[in-house]
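Step one of this worksheet: look at the structure below.
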Amino acid sequence: MPEIADSPFQWRRLICLGLALTVLAVFGRLAFFDFVFFDDHVYVIEKGQVLAGLTAESIRWAFTATDAGFWHPLTWLSLMVDREIWGLNPGGYHLTNVLLHLAATLLLFAALHRLTGALWKSGLVAALFALHPLHVESVAWIAERKDVLSGLFWMLSLYLYARYVERPGWGRYISVLLSFILGLMAKPMVVTLPVIMLLLDVWPCNRLSRGNWRLNWKLALGEKIPFLIFGVMAGVVTMMAEQQAGALKSFEEFPFFVRMTNGIVGYSFYLYKTVLPFNLSVHYPHPGAWPLGTFALSLAVLGVISYFPIKQFKSAPYLLVGWLWYLISLLPVIGLIQIGGHAFADRYTYIPLIGVFIAIVWGVGELTEQRKLRQISDSDTLKSVAATSGMVIIVFFALISVVQVGRWQNAETLFRQAVAVTENNYLAHNNLGAALSRQGRYGEAMPQFEKALQIRPGYVEAIFNIAAALAGQGRYGEALPVYGRVLAMQPGFAEGHNNIAIAYAQTGNIDQAIAHFQEAIRIRPNYGEAIKNLKIAEKEKK
């Protein structure tokens, strides 16, 4: 494959143009899609600070808040900018995600090309990153703005690191560190970047084997220490925020053995879905303990795959670097620290799969070039087959991504897919029911809520949605005891207090309504709907 010395500037421009056009072709119709009401309310629809736009108060809040279980001020600020531009038009928020993904793709291509000098290999890795179906979730989900935004700074850091390696200096070093910090301010998953940079020092930068290797290792490790310090700080803040939000699961609920087995199975699951990205879901329920056979098979697969890159390290270091990139960058979200009730998530592969793509693309590319150097008669044919295969794979992934993007059209299409391709998915049944309720299709919604409760008895959100559906049909008297059950299980549920207050008001019990509106406001002082409802109730009492 042509390298940088043989690559005219126009080829780089054409690759960038091709990447841009394909990303827009695959993801562009997201600009016409709706909110999916899955964390969208947490990040946009009901987030007062975001709805206020870019004000001094909202900006101050963005840098101090740990809402949604993260400290990610840049993510909040980007959503506030969208609010200023698009209002509450979901298409605008989707479009911003698409453009951030496109920018990350182009920066990945530029970084790999600068690091390796390999034009076509870098372009192919960037295309796989841009178009793989596992990455649709990160782009299509407005609440995952943090993925594409942190991904952008990850790629920018790689590019700036390539410049630093070419000609080390304090200015270039600081630029890499600042980019890394900005990435942490978008999503703390970029915490593994310093380790990835150390891998790049081994290959392709070859910084550690030049001259005095002991001194080189000390220098390489030393220059990563500031990155590690900021990464640890971001990790500690995230753990505290997740615990405060109630998303950090205890070891009583998810014992260490359960976490460890799920992590091993997860590494294999993502590899399987990389090759065959079908039946993707926005939520994969955690099964608890995996069967021993599944765990043993996954462990064996990882062992076999790991053996080959280690054995070939001297002749093909890119294999081990790419494999370790995958293992290390996925580690923070593999489930050892259990956040939420899911086993896996497509969005977690956004950065890690780049390592797999590098190993495969460079492995196949180097194989064809070695055959050419040996003057094998069929080397040109082999090279043509490899190039054609690469294009076919890209088109294959792009077509699947087009289908997968369509499933994010709205909440109903998204959760119907999740119900269809997973088992015992209480969250998907509940959210599908909620989507149907918002359309007034209560008769279709109720069985979905009942199915969610059948799978997970005592599921508060499903019980709440049953009450809301009854109220939506004007059956306030029936809704009251169901709301009461919700509040008995979760007394600090502000929306539950607001809704039961509405039911009391509709049944003529204004005093009870006022008491619950006041309690909702006490729990959530800036709860705009409850404040408005309280004023109406107080006027009616007078």
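The numbers here are math on the coordinates, done by the rules we state, and not lab data. All values reported here derive from a predicted model rather than from experimental measurement. A quick note on method: Cβ atoms are made from the backbone with ideal geometry, for glycine too, and the neighbour counts reach across all protein chains shown.
Quick notes on this structure:
- Two-site label geometry, ASN89 and TRP11: point separation in nm, points 7 Å out along Cα→Cβ: 4.2
- Treating r as the C-beta distance of VAL402 and THR507 and R0 as 30 Å, the FRET efficiency rounds to 0.05.
- Centre separation in Å (Cα based) which lies between the range 250-289 and the range 82-121: 28
- Loop-located chymotrypsin sites (Phe, Trp or Tyr not before Pro) in the range 206-295 (DSSP state other than H, G, I, E, B) with a sparse environment of at most 16 neighbouring Cβ atoms within 10 Å: PHE251, PHE278.
- Rounded FRET efficiency, nearest 0.05, which uses the C-beta distance separating GLN518 from ARG172 and R0 of 60 Å: 0.55
- Förster radius 22 Å - calculated FRET efficiency between LEU367 and LYS314, Cβ distance, rounded to 0.05: 0.85
- Alpha-carbon centroid distance for the pair the range 440-494 / the range 496-519, whole angstrom: 16
- Which listed pairs, of LYS121/LYS273; LYS121/LYS314; LYS273/LYS314; LYS187/LYS249, have C-alpha distances above 24 Å, in listed order: LYS273/LYS314
- The chain: proportion of alpha-carbon pairs further apart than 35 angstrom, %: 41
- Of the chymotrypsin sites (Phe, Trp or Tyr not before Pro) found in the range 17-126, the ones in coil according to DSSP and having at most 14 other Cβ atoms within 10 Å of their Cβ are PHE63.
- Once exposed loop GluC sites (Glu not before Pro) are cut out (DSSP; at most 16 other Cβ, 10 Å), longest piece of the chain: 47-251
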